[in-house]
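Below: one structure, written as structure tokens.
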Amino acid sequence: MLSDRVRAAFYQMSGHAPTVVASAPGRVNLIGEHVDYADGLVLPMAIERRTAIALGPATGRSRCASAQFDGVWQGTLAGEIRPIRSGSDAAPEAWINYALGPLAELRHLGVDLGEIDCAIVSDVPPGGGVSSSAALEVAMTTAALALAQRTLSGIEIARLCQRAEHRFPQTPCGIMDMTVSANARAGHALLIDCRSLELRHLPMPAGAQVVVFDSGVRHRLSDGGYASRRAAVEGAAKSLGMKALRDLSPESLPASAPVGLEAISWRRARHVVSEIARTACAAEALAKGDTARFGSLMNASHASLRDDFDVSVPEIDVIVEAACAAEGTFGARLTGGGFGGCAIALVRADLAEQVIEHVNRKFVARFGRTPNSFATGADMGARLE
Ligand code: GLA
């Protein structure tokens, strides 16, 4: 088990048992893509892949070991905690920023742990669009709060982790990933109103599972594509005279680009406005147990991400098309920021293996390799182990 592995990793590093162990899940977004930073509605679900963190006080310098990145960071947490800048994002020590960011934000709230030993073990695939970074940040915050014997609400933890991600790895992400990682309920998807941060837990359909397919095409939110989409969406809201595209209904979006708005920004806006409406419908479909309707909304979401938002890639399109053609699939789409990463299919649990085989066949025929995949139910959010 992950919690045993992280205890063992901590013991190996420090020679004694950790004081606290916490874990937090990665996520898939079922629908509501690229709308969290437009104050929209999103409907993610925590996956059965988690990051576990063991913490304890240290006598000398702080040490942090990551099994996944095969690295040990050593340094001091005395004074201001700053991001580690190594010139290249791909540098082995870049991962430590995801651990240091939450500690720096906690320090601003008066939570000072002194020097610590820390071990991290994870089975969330990194860089693959299932929010390995949010899992690490939320697990770190949960463990650090427990060590300091302090508490924060799940929403406060999400906000803190978002600030940490903006300031340390410096990716301009929205609030979705950390909110679901901190607040999810097992067996449920989480409807998040990204304007009010009101949460609604909606039961996942009985007998259904989500299959996650990793396209193997690596994206980094820091690469610029994500930031440029975000800028286009925020720019479109400004040109249309509103605070955020959440304020625009599909009916009130002009039928073509109005003067002052480029055609490409209008298409980006059309994705956002239609996606928010689709997510509201999908939440109602889930509440009513209408899985077929939910699936068709997922398919429509994918088409909009591919055609209007331009964040899909051929590998993801092949997975989505193949999954949709397989028996037992309710719907399929790109999940997460895009430019590669993962696709998901909502499937009948008893046919999940068949869907995977079908997708693999089509993918191998086109790209000569098999995408990594796994089936998952909806897990719970952060917890102490
Ligand atoms: C990434 C970001 C999220 C969200 C999605 C797109 O996962 O971290 O905040 O914007 O992309 O929906």
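The values are calculated or read from the model by the stated rules, or taken from the named source; none is laboratory data. As the structure is a computational prediction, the values presented were derived from the model and not from experiment. Glycine gets a Cβ as well: all are built from the backbone with ideal geometry, and neighbour counts include every protein chain shown. Please note that ligands, DNA and RNA were not included when accessible areas were found on the heavy atoms of the full protein model with its side chains. Shrake-Rupley method; radii C 1.70, N 1.55, O 1.52, S 1.80 Å.
Filter segment 223-269 down to residues that are in a helix (DSSP H, G or I), among the hydrophobic types (A, V, I, L, M, F, W, C) and surrounded by fewer than 17 Cβ atoms within 10 Å (Cβ to Cβ) and give me whichever is nearest to the chain's Cα centre (by Cα). Reasoning before the result, please.
Keep residues of segment 223-269 that are in a helix (DSSP H, G or I), which gives 223, 225-239, 245-247, 250-252, 263-269.
In the following step, the residues that additionally are among the hydrophobic types (A, V, I, L, M, F, W, C) were identified as 227, 231-233, 236-237, 245, 263-264, 266, 269.
If we keep only those that are surrounded by fewer than 17 Cβ atoms within 10 Å (Cβ to Cβ) as well, we get 227, 231, 263-264.
Details: Ala227: 16, Ala231: 20, Ala263: 29, Ile264: 26 Å.
Selected residue: Ala227.
Do the conditions hold for Ala17, that is, is it modelled with pLDDT of 95 or more, closer than 20 Å to Gly127 by Cα and among the hydrophobic types (A, V, I, L, M, F, W, C)? Give the derivation first.
Values: modelled with pLDDT of 95 or more: yes; closer than 20 Å to Gly127 by Cα: no; among the hydrophobic types (A, V, I, L, M, F, W, C): yes.
Spelling it out, it is not the case that Ala17 is modelled with pLDDT of 95 or more, closer than 20 Å to Gly127 by Cα and among the hydrophobic types (A, V, I, L, M, F, W, C).
Out of Gly154, Gly128, I need the residue that is surrounded by fewer than 24 Cβ atoms within 10 Å (Cβ to Cβ), under 27 Å from Asp193 (Cα atoms) and within 16 Å of the ligand (Cβ to nearest atom). Which one?
Gly128
Checking Thr376 against (1) farther than 30 Å from Ser3 by Cα; (2) within 17 Å of the chain's Cα centre (by Cα); (3) of a type in the set (S, T, N, Q), only one condition comes out false. Which one?
(1)
Please count how many residues of segment 316-335 are among the aliphatic types (A, V, I, L, M) and either within 11 Å of Ser301 (Cα to Cα) or modelled with pLDDT under 95 (or both).
Qualifying residue count for the region: 2.
So, in segment 167-187, how many residues would count as being within 13 Å of the ligand (Cβ to nearest atom) and modelled with pLDDT of 95 or more?
8
Restricting to segment 312-340, and then to whatever is out of contact with any strand residue (DSSP E or B) (no Cβ under 6 Å at 6 or more places or on another chain) and in a helix (DSSP H, G or I), can you tell me which residue is farthest from the ligand (Cβ to nearest atom)?
Going through the qualifying residues, I end up with Ala325.
Please enumerate the residues belonging to segment 260-319 that are of a type in the set (Phe, Trp, Tyr) and in contact (Cβ under 8 Å) with a residue 60 or more places away in the chain.
Matches in segment 260-319: Phe294, Phe309.
Per-residue answers, yes or no, for (1) more than 30 Å from Ile319 (Cα to Cα); (2) in contact with a Pro (Cβ under 8 Å, 6 or more places away or on another chain); (3) among the basic types (Lys, Arg); (4) surrounded by fewer than 16 Cβ atoms within 10 Å (Cβ to Cβ):
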position: Cys173; (1), (2), (3), (4): no, no, no, no
position: Val180; (1), (2), (3), (4): no, yes, no, no
position: His188; (1), (2), (3), (4): no, yes, no, no
position: Leu199; (1), (2), (3), (4): yes, no, no, no
position: Ala208; (1), (2), (3), (4): no, no, no, no
position: Asp214; (1), (2), (3), (4): no, yes, no, no
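Could you tell me which residue of segment 131-151 is farthest from the ligand (Cβ to nearest atom), considering only residues that are open to solvent by less than 40 Å² (accessible area, probe 1.4 Å) and of a type in the set (Ser, Thr, Tyr)?
Out of the qualifying residues, it is Thr142.
Okay, residues lined up against (1) surrounded by 18 or more Cβ atoms within 10 Å (Cβ to Cβ); (2) within 16 Å of the ligand (Cβ to nearest atom); (3) in a strand (DSSP E or B); (4) of a type in the set (S, T, N, Q):
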| site | (1), (2), (3), (4) |
| --- | --- |
| His16 | no, no, no, no |
| Gly26 | yes, yes, yes, no |
| Leu43 | yes, yes, yes, no |
| Ala46 | yes, yes, yes, no |
| Ala52 | yes, no, yes, no |
| Gly56 | yes, no, yes, no |
| Gly60 | no, no, no, no |
| Phe69 | no, no, no, no |
| Trp73 | yes, no, yes, no |
